[in-house]
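First the structure, in the form of structure tokens, and then the observations on it.
Every read-out reported here was derived from the displayed coordinates using simple, explicitly stated rules and does not represent laboratory data. Since the model is a prediction, treat every value here as computed from it, not as a measurement. Here the Cβ is made from the backbone with ideal geometry for all residues, glycine too, and neighbour counts use every protein chain on show.
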Amino acid sequence: MLDFNHDSERDAQDPRALPIGQRINDLIDAALIAERATQPRREYLGASMLGDPCSRRIQYEYVGAPKDPDKDFNGQTLRIFAAGHQFEALSIKWLRGAGFNLRTEKADGGQFGFSVAKGRIKGHIDGVLVDGPSWFFYPALWEHKALKDKSWQDLAKRGLAISKPLYAAQVALYQGYMPDLAQNPALFTALNKDTQELYHELVPFDASLAQSTSDKAVNILQSTDAGQQLPRMAANPDFYLCLCCPYAKRCWHGA
Ligand code: SF4
């Protein structure tokens with residue numbers, strides 16, 4: 001029997017009361033979040049996180065401390081990550097089309113990378129350029145990021161070390177622990193997600209940055225083993241990096 005009367009309580013629970021776009025996106029995001037929940041937690045210090053200026057934040061990440069409420073990856077963030085992989089695949093295709101022999105996985109399908117400290121510090125690289133135009137150097141570490149226009153413009157203007165110190169530390173650590181890839185500069189490629197412009201920078205091995213990043217990793221492991229929480233990087237929670245930290249409540253209010 002048809003019922004044209006609105007029941008606000010029933011409508012609030014009925015997904016059909018929501019706009020069609022929201023209903024579909026809710027389903028997509030729920031599937032992405034459920035898929036992520038099946039993936040095992042990373043139980044090592046990854047090279048991609050060690051450039052973070054706050055060791056306490058890295059320590060939270062390493063021990064698997066729950067992020068603050070509503071600060072865990074949501075569906076949109078997971079879609080951004082997934083899109084990043086697609087952008088990377090495009091850059092790989094374009095570089096190969098340009099004549100570079102870019103290897104992104106071993107013969108057995110595994111990732112290239114390093115593992116030290118009994119597997120407690122690891123890194124997985126995006127690829128290695130092993131051959132190509134004669135004016136380039138081989139082998140060369142290849143690292144890729146897909147960036148929003150504003151971030152990409154800043155990188156293109158100021159260079160990796162100044163604009164993206166987190167990525168610079170990641171590259172230095174890879175080269176430090178993979179000495180074959182430290183002989184030649186790494187190639188850092190950034191794809192502008194808004195305009196599809198490509199930026200390439202040669203990154204010579206920065207031994208001092210690799211050493212300080214490695215020392216930071218060892219300090220985090222030793223402090224964690226000793227049950228010590230690392231100091232905050234800021235004197236108050238209004239510091240700009242704390243405002244966007246997913247552990248801010250835990251860090252400042254012991255939540
Ligand atoms: S809130 Fe600030 S000091 Fe605390 S972990 Fe995050 S970045 Fe570090």
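Here are a few things to note about the model shown:
- Shape call, the stretch 154-255: gyration tensor on alpha carbons, a/c limit 1.5: oblate
- Ranked by how many other Cβ atoms sit within 10 Å of their own Cβ, fewest first, the residues C54, C245, C251 fall in the order C54, C251, C245.
- Here the Karplus curve 6.51 cos²θ - 1.76 cosθ + 1.60, taken at θ = phi - 60°, turns the phi angles of the stretch 101-110 into couplings of 8, 9, 9, 10, 8, 6, 4, 8, x, x Hz, with x standing for Gly and Pro.
- G113 long-range amide H proximity, modeled H, under 5 Å: I125
- Principal-axis tilt of helix 75-97 within the chain, Cα atoms, nearest 10 degrees: 40 degrees
- Annotation: amide H of G132 within the under-5 Å range of N101, sequence separation 5 or more or interchain, hydrogens built in the peptide plane.
- The distance linking the stretch 88-105 with the stretch 173-200 is 13 Å (Cα centroid to Cα centroid, whole angstrom).
- The reciprocal of the average 1/r between distinct C-alpha atoms defines the Kirkwood hydrodynamic radius, which for the stretch 15-60 equals 13.7 Å.
- Spin-label model distance (nm) - Q196 vs I162, 7 Å beyond Cα toward Cβ: 3.1 nm
- Formal net charge of residues neighbouring A186 (Cβ-Cβ distance under 15 Å; K, R +1; D, E -1): -2
- Using alpha-carbon coordinates, inclination of helix 165-177 to the longest axis of the chain, degrees: 50 degrees
- Segments 105-116, 149-160, 177-188 sorted - mean Cβ within 10 Å per residue, highest first: 177-188, 149-160, 105-116
- Cα shape, the chain, gyration tensor, a/c 1.5 rule: oblate
- Cβ-derived FRET efficiency at R0 45 Å, V218 paired with T77, nearest 0.05: 0.90
- Protection proxy ranking, highest mean first, for peptides 83-90, 55-62, 198-205: 55-62, 198-205, 83-90, where packing is the per-residue count of other beta-carbon atoms within 10 Å, averaged.
- Helix 20-37 vs. the chain, principal-axis angle (Cα, 0 to 90°, nearest 10): 50 degrees
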